[in-house]
Amino acid sequence: MVALQADGSAMYTVQGLWTQAREKLDVTTVIFSNRKYAILLGELAAVGANPGRTALDMLDIGSPDLDWVRMAQSMGVEAAKADTLERCTELMRDSFGRSGPFVIELMT
Ligand SMILES: Cc1ncc(C[n+]2csc(CCOP(=O)(O)OP(=O)(O)O)c2C)c(N)n1
């Protein structure tokens, strides 16, 4: 199974990674690590809002940066970072050939 997951909402259910490890599930999770609540920036733009610094800071989850590789590893899930789509493809292919869960942090 492949799970495509954004980073902000991944934080709401991060414990699911531990379950994947405990149950030895064959799941490849790709986390789109943009370090923002980007959809909410889009919503603000859609209503014509002109957010100030404080509002923008509340939609930024890059300070401090989350490290999804270490977060996954801390729950027993193997993981690697991908800076390019080519690397992501390679890691996905590798993960399909092994058993158990794997997390790819795709920097976007
Ligand atoms: C439990 C919960 N808390 C808050 C929200 C409100 N919410 C909807 S989308 C969103 C941000 C999503 O950000 P991310 O998952 O990083 O996706 P991106 O927009 O960056 O692709 C938030 C906070 C929600 N839907 N559910």
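Scanning the range 76-108 for residues that are among the aromatic types (Phe, Trp, Tyr) and over 14 Å from the mean Cα position of the chain (by Cα) gives a single hit, PHE96. Residues in the range 66-92 that are surrounded by 13 or more Cβ atoms within 10 Å (Cβ to Cβ) and charged (D, E, K, R): 5 in all. Scanning the range 47-65 for residues that are surrounded by 11 or more Cβ atoms within 10 Å (Cβ to Cβ) and farther than 13 Å from TYR37 by Cα turns up ALA49, PRO51. Cβ-Cβ contacts under 9 Å between residues 6 or more apart (or on different chains), taken from a first residue in the range 79-96 that is over 21 Å from LEU66 (Cβ atoms) to a second residue that is of a type in the set (D, E, K, R) and surrounded by 11 or more Cβ atoms within 10 Å (Cβ to Cβ), are listed as PHE96/ASP26. List every residue pair whose Cβ atoms lie under 7 Å apart, where the two residues are 6 or more positions apart in sequence or sit on different chains, the first residue falls within the range 28-53 and is under 30 Å from THR89 (Cα atoms), and the second residue, located anywhere, is more than 13 Å from the ligand (Cβ to nearest atom) and of a type in the set (Phe, Trp, Tyr). Note: pairs meeting the criteria are THR28/PHE96; THR28/PHE102. Where helices (runs of 4 or more DSSP H) sit wholly within the range 1-102, those with at least 1 residues that are small (Gly, Ala, Ser) and more than 14 Å from the ligand (Cβ to nearest atom) occupy 16-22, 68-74, 85-96.
None of the figures in this text is laboratory data; all of them are computed from the coordinates on show. Note that the structure is a prediction, hence the values are computed from the model and not measured. Ideal geometry is used to build each Cβ from the backbone, glycine not excepted, and the neighbour counts take in all protein chains shown.
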